[in-house]
Amino acid sequence: MLELELVEISPKKVGIIPCNGEELPEGTLTRFACRKVLDKLKPSNTVTICLPLFIAGGKEEREFAQKFPTITVDGCDKQCSRINTERLSGKPRHSIVITDLLKEHGINAPGSARTLVDMDRQTVDLVAKEIAKKVDQILAE
Ligand code: SF4
């Protein structure tokens with residue numbers, strides 16, 4: 001007799017972990033770009049994890065990063081998000097450092113951590129697209 005198995009099909013989710021840097025313009029870029037990926041570019045396939053809660057011992061956050069692929073996004077080479085994700089949960093699938101990315105593209109960092117001008121919004125778009133590309137790579141695996 002043929003047995004049918006019910007298979008639960010759930011869309012693959014990728015955890016985006018921004019560093020939440022407040023003091024550097026690159027930290028502001030990180031937050032805005034991640035928000036754009038989560039809200040506009042990949043809303044069905046991404047979730048975010050609160051880095052401070054993750055570090056403070058949020059059980060669900062740590063379990064999520066152990067079960068699902070993650071992308072860390074850091075404003076600078078101190079790489080707070082990547083280092084804490086590796087320490088507390090597991091190696092992220094991709095790690096993006098904004099200062100390196102801007103250098104690669106020959107783009108200057110925003111002048112202020114508090115306000116973004118129109119030109120900076122193009123930089124947010126570029127960073128968001130780079131994150132989205134990594135999400136696509138993971139989804140295609
Ligand atoms: S990675 Fe850099 S910008 Fe981000 S929180 Fe750490 S020191 Fe601040």
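Where a number appears in this text, it was derived from the coordinates with a stated rule and is not lab data. These numbers come from a predicted model, not from an experiment. Please note: Cβ atoms are built from the backbone with ideal geometry, for glycine as well, and neighbour counts cover all protein chains shown.
Can you compute the FRET efficiency between LEU126 and LYS67 using 1/(1 + (r/R0)^6), with r the Cβ-Cβ distance and R0 = 25 Å? Round to the nearest 0.05.
Here the calculated transfer efficiency is 0.25.
Near THR48, the amide H atoms lying under 5 Å from its own belong to ILE16; only residues 5 or more places off or on other chains count, and H is placed 1.01 Å from N.
The phi torsions of the range 70-77, fed into the Karplus equation with coefficients 6.51, -1.76 and 1.60 and a -60° offset, translate into couplings of 10, 10, 8, 10, 10, x, 9, 6 Hz, rounded to whole numbers, with Gly and Pro shown as x. Summary value for the chain: 30 percent relative contact order, contacts being C-alpha pairs under 8 angstrom separated by 6+ residues. The 3J(HN,Hα) values that the Karplus relation (6.51, -1.76, 1.60; θ = phi - 60°) gives for the range 84-89 are, in residue order, 6, 5, 5, 5, 9, 9 Hz. Gly and Pro appear as x.
With θ taken as phi - 60° and the Karplus curve 6.51 cos²θ - 1.76 cosθ + 1.60 applied, the whole-hertz 3J(HN,Hα) list for the range 12-21 is 5, 10, 10, x, 9, 10, x, 6, 6, x Hz, x standing for glycine and proline.
For ILE96, the residues 5 or more places off, or on other chains, whose built amide H falls under 5 Å of its own are THR72, VAL73, ASP74.
To the nearest 500 deg cm²/dmol, what mean residue ellipticity at 222 nm is calculated for the chain from DSSP H runs of n ≥ 4 alone, each contributing -39,500 (n - 2.57), summed and divided by the residues? Please list the in-between numbers first.
On the way: 6 runs with 66 residues, N = 141.
Mean residue ellipticity at 222 nm (helix-derived): -14000 deg cm²/dmol.
My understanding is that a pair violates if its Cα-Cα distance is over 21 Å; which of LYS42/LYS133; LYS59/LYS134; LYS59/LYS133; LYS12/LYS42; LYS12/LYS67 do that in this structure? Flagged as over cut-off: LYS59/LYS134; LYS59/LYS133.
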